[in-house]
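To start, the structure under review is shown below, and the notes come after it.
Since every read-out is calculated from the coordinates, none of them should be taken as a lab result. Quick caveat, the model's predicted, so the values are computed rather than measured. For neighbour counting, all protein chains shown are included, and Cβ atoms are generated from backbone atoms with ideal geometry for every residue, glycine included.
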Amino acid sequence: MKKAVSLFVIFLLLVSALLAGQEVVPDELNQSEDSLPDGLEYEIVDGNSVTITEYTGEAETLNIPELIQGLPVTIIGDYAFFNCGNLTSITIPSSVTVIGGDAAFFGCFNLTSINVDSRNNTYASVDGVLFDKDIKTLIKYPAGKDNETYTIPLSYPSI
């Protein structure tokens, strides 16, 4: 009986040691296609990053995930949100370093707010308007904003 108990204790110690050595992966790294916003299409680039290629969903508010299949979403491709008529607000994660020009949001006539995670090193947003991180270049003024005028301060050298 002592021998059986000893073997059982050794077995438990081995299992505990094996489990202690396993890396626990946070839920956001385990993001599967099932948990992505409906209609968000993407491409994995060189097994290192993700490019958002198209959005065909009907959501009004969209939060682009920072990670897909454990890889950072780094690019919003040209025409990715082309003619997304229902979209009123979009949030860009800190991982995005490239947005495919003005065409990325072309035809989003109801888009009133482009929000950027404050940890993003490339882009920023002020009152829903997309700028570079230094807030010196206005990149995109959402087409659905209902302001009759928008004053660009003299400190912004380019649009």
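Assorted remarks:
- A Förster radius of 41 Å, combined with the Cβ-Cβ distance separating residue 143 from residue 67, puts the computed FRET efficiency at roughly 0.90.
- Rough spin-label spacing in nm, given labels placed 7 Å along Cα→Cβ, for residue 118 and residue 48: 3.1
- Sorted ascending by nearby beta carbons within 10 Å, beginning with the fewest, 123, 79 become 79, 123.
- With 0.36 nm allotted per residue and the present C-alpha distance subtracted, the residue 36-residue 91 stretch has 18.4 nm of extension available.
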